[in-house]
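Shown next, in structure tokens, is the structure this report addresses.
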Amino acid sequence: MKKIYALGEALIDFTAGQTEADKNAFYKNAGGAPANVAACVAKLGGKSCVITKLGKDMFGEFLKLTLEKAGVNTDYVYFTGEANTALAFVSLGENGEREFTFYRSPSADMLLSDDDVKNIVFDKTDVLHFGSVDLIDAPVRVAHDALIKKARDSGAVISFDPNLRYSLWKDKNILLQTVREYIPLADIIKVSDDELRDITGIADDKTAIKSLFKGEVKLVIVTKGARGAIAFTQKSDVFVPSVKVEKAVDTTGAGDSFIGAVLYQLVENGFNTTESELKKILTYANKTAAFVVCGTGAIPSMPDRAQVFEEL
């Protein structure tokens, strides 16, 4: 099957206008880290599926349509009338860095239940990818637990990008403790350098990374923004510099496109990679993310397979 299942929130990013003429306007884009990952995989030519719940509103319909146009399978996108689709308002700095304000109390994605996902079946060639946003105390966390167990039992690969969003949690320490509980359940961990220090509580990068190799963890990828990315196995590490861009416009979805590109390459080429193969994969992912930061909105800015290879 070779399909990447992205589990968790799908929402609307309302991105603030960047010119004097539209500084009071907000522009609607499909978003949510799992949705972004799935869209990236599909645009690059892979098979992907989103597992989430949306509100029976104009935003939910827009999200489903946008994902389908990107080539994402939406068989497991459910709808509810009990809550609205989540919204996020995004303000951008001069370097494209973002600040989020979320509206989801509760939102539809939080109501995804284990009953909703009981018929999902994984193959050993599949990947289940998830983040921390929907690991809150809600039905959706139980759905995560059920699917993680299914994926492990089937021999599928599990990928976890903590993607820390402190504003969504009442207590920062509860978020960090929750992330620490789920790390050993995954085969692949992707974190930013700032997240690495917060999650481990260790200042020294090498020691911090070593501490993540517990449970099922086999590959840890640390992204460093403009300073590149490093992939670690228990035996070796590979560094690849970032792709320089003239101007970063909007970094929303850059990390999601990065891990999406990594997972796409691993699924297509196999998970038993050499150092040289890992270097190629990171280079490919960096190039993919570079496309995203040059446009506004995550999914609209994601490149297709031909665009990435043209620049490699």
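The values are calculated or read from the model by the stated rules, or taken from the named source; none is laboratory data. This one's a predicted model, so the numbers in the text were calculated from it and none came from an experiment. For neighbour counting, all protein chains shown are included, and Cβ atoms are generated from backbone atoms with ideal geometry for every residue, glycine included. These area figures cover heavy atoms from the full protein model, side chains too; ligands, DNA and RNA do not enter into them. Shrake-Rupley method; radii C 1.70, N 1.55, O 1.52, S 1.80 Å.
When you check SER167 against the structure, is it modelled with pLDDT of 95 or more, in a helix (DSSP H, G or I) and among the polar types (S, T, N, Q), yes or no? So SER167 does not fit the description; no.
Filtering the stretch 170-219 to residues that are assigned to a loop (DSSP other than H, G, I, E, B), open to solvent by 10 Å² or more (accessible area, probe 1.4 Å) and either within 23 Å of ALA138 (Cα to Cα) or in contact with a Cys (Cβ under 6 Å, 6 or more places away or on another chain) (or both) leaves LYS170, ASP171. Is the stretch 298-306 home to any residue that is out of contact with any Leu (no Cβ under 7 Å at 6 or more places or on another chain), among the hydrophobic types (A, V, I, L, M, F, W, C), under 25 Å from PRO162 (Cβ atoms) and outside any helix (DSSP H, G or I)? Yes - at least one qualifying residue is present in the stretch 298-306. Taken over the stretch 282-312, the criterion of being open to solvent by less than 10 Å² (accessible area, probe 1.4 Å) and either more than 17 Å from the chain's Cα centre (by Cα) or charged (D, E, K, R) (or both) is satisfied by VAL308 alone. With respect to being open to solvent by 70 Å² or more (accessible area, probe 1.4 Å), more than 19 Å from the chain's Cα centre (by Cα) and of a type outside the set (Asp, Glu), LYS235 fits the description.
Where the second residue is assigned to a helix (DSSP H, G or I) and small (Gly, Ala, Ser) and the first is farther than 15 Å from LYS235 by Cβ and lies in the stretch 267-282, which pairs have Cβ atoms under 9 Å and are six or more apart or on separate chains? From the stretch 267-282, the pairs are ILE281/ALA261. Report, by residue number, each residue of the stretch 110-130 that is open to solvent by less than 30 Å² (accessible area, probe 1.4 Å) and either on the phi > 0 side of the Ramachandran plot or among the hydrophobic types (A, V, I, L, M, F, W, C) (or both). If the condition is that a residue be open to solvent by less than 30 Å² (accessible area, probe 1.4 Å) and either on the phi > 0 side of the Ramachandran plot or among the hydrophobic types (A, V, I, L, M, F, W, C) (or both), then MET110, LEU112, VAL117, ILE120, PHE122, VAL127, LEU128, PHE130 are the ones that fit.
Close Cβ contacts (under 7 Å, 6 or more residues apart or on different chains) running from residues in the stretch 64-83 that are polar (S, T, N, Q) to residues that are open to solvent by 20 Å² or more (accessible area, probe 1.4 Å) comprise THR74/LYS64; THR74/GLU68; THR80/LYS53; THR80/LYS56; THR80/LEU111.
Among the residues of the stretch 241-270, the one identified as over 27 Å from ARG165 (Cα atoms), surrounded by fewer than 21 Cβ atoms within 10 Å (Cβ to Cβ) and under 19 Å from the mean Cα position of the chain (by Cα) is GLU268.
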